[in-house]
1. Is it the case that Lys50 is in a strand (DSSP E or B) and basic (Lys, Arg)?
2. Report, ordered by the first and then the second residue, all pairs with beta carbons closer than 8 Å, sequence separation of six or more or different chains, a first member in the range 1-21 that is in contact (Cβ under 8 Å) with a residue 60 or more places away in the chain, and a second member that is in a helix (DSSP H, G or I).
3. Can you tell which of Val3, Val9, Val20, Val94 is in a strand (DSSP E or B) and either of a type outside the set (Lys, Arg) or touching a Lys or Arg at 6+ places or on another chain (Cβ under 6 Å) (or both)?
4. Would you check if Pro67 is assigned to a loop (DSSP other than H, G, I, E, B) and in contact with a Ser or Thr (Cβ under 7 Å, 6 or more places away or on another chain)?
5. Can you pull out every residue in the range 8-30 that is open to solvent by 60 Å² or more (accessible area, probe 1.4 Å), farther than 17 Å from Gly70 by Cβ and either touching a strand residue (DSSP E or B) at 6+ places or on another chain (Cβ under 6 Å) or at pLDDT below 95 (or both)?
6. Please go through the range 88-99 and give me each residue that is open to solvent by less than 50 Å² (accessible area, probe 1.4 Å) and in contact with a strand residue (DSSP E or B) (Cβ under 6 Å, 6 or more places away or on another chain), ordered by number.
Amino acid sequence: MQVRHLDHVVITVRDVQKVVDFYKILGMRHEHFVSTEGDERHAMHFGPHKINIHVEGKEFQPHAHQPIPGAGDFCFLSDEPVAAWMAHLQAHHVDVFLGPVPRNGASGAIRSIYMRDPEGNLIEIANPDNGSAN
């Protein structure tokens, strides 16, 4: 028995709109809907994955044992070179505080840049490191 892949993760936030705006810069699509239980919900979609957004103090059940803003640490792979990402992020006033740096990803060597979303979650954008200068 083995799980196949990650479907979604959940982050807890204080300010939904700031978080939505940030993840749109990363090319994600915002979904806003009302659940069958009548709860207002938000999610950010990218490829076959999504990030569900819970508001601090209004988390949906079940949830993490101690849901708090800024506790996430995510690495996103991209086909665009991290150098292009750095220019894109700078144009949107997003501070890249580290990188490009070599790292070890799930499938091998990667080159990464690091920033934080508006809630303080650590965000890493990476390319497979094939030895070229990304």
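The values are calculated or read from the model by the stated rules, or taken from the named source; none is laboratory data. Nothing here was measured: the structure is a model prediction, and the numbers come from that model. Note that we place each Cβ from the backbone using ideal geometry, even for glycine, and neighbour counts take in every protein chain shown. For accessibility, only protein heavy atoms count, side chains too; no ligands or nucleic acids. Shrake-Rupley method; radii C 1.70, N 1.55, O 1.52, S 1.80 Å.
1. Taking the combined requirement at face value, the residue satisfies it.
2. Ile11/Val19; Val13/Val19
3. Only one candidate qualifies: Val9.
4. yes
5. Across the range 8-30, the qualifying residues are His8, Arg29.
6. Val94, Val96, Gly99
Let's see how each residue does on (1) within 25 Å of Pro48 (Cβ to Cβ); (2) part of a loop (DSSP other than H, G, I, E, B); (3) open to solvent by less than 60 Å² (accessible area, probe 1.4 Å); (4) of a type in the set (A, V, I, L, M, F, W, C):
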residue	(1), (2), (3), (4)
Ala71	yes, yes, no, yes
Asn104	yes, no, no, no
Ala109	yes, no, yes, yes
Ser112	yes, no, yes, no
Glu119	yes, yes, yes, no
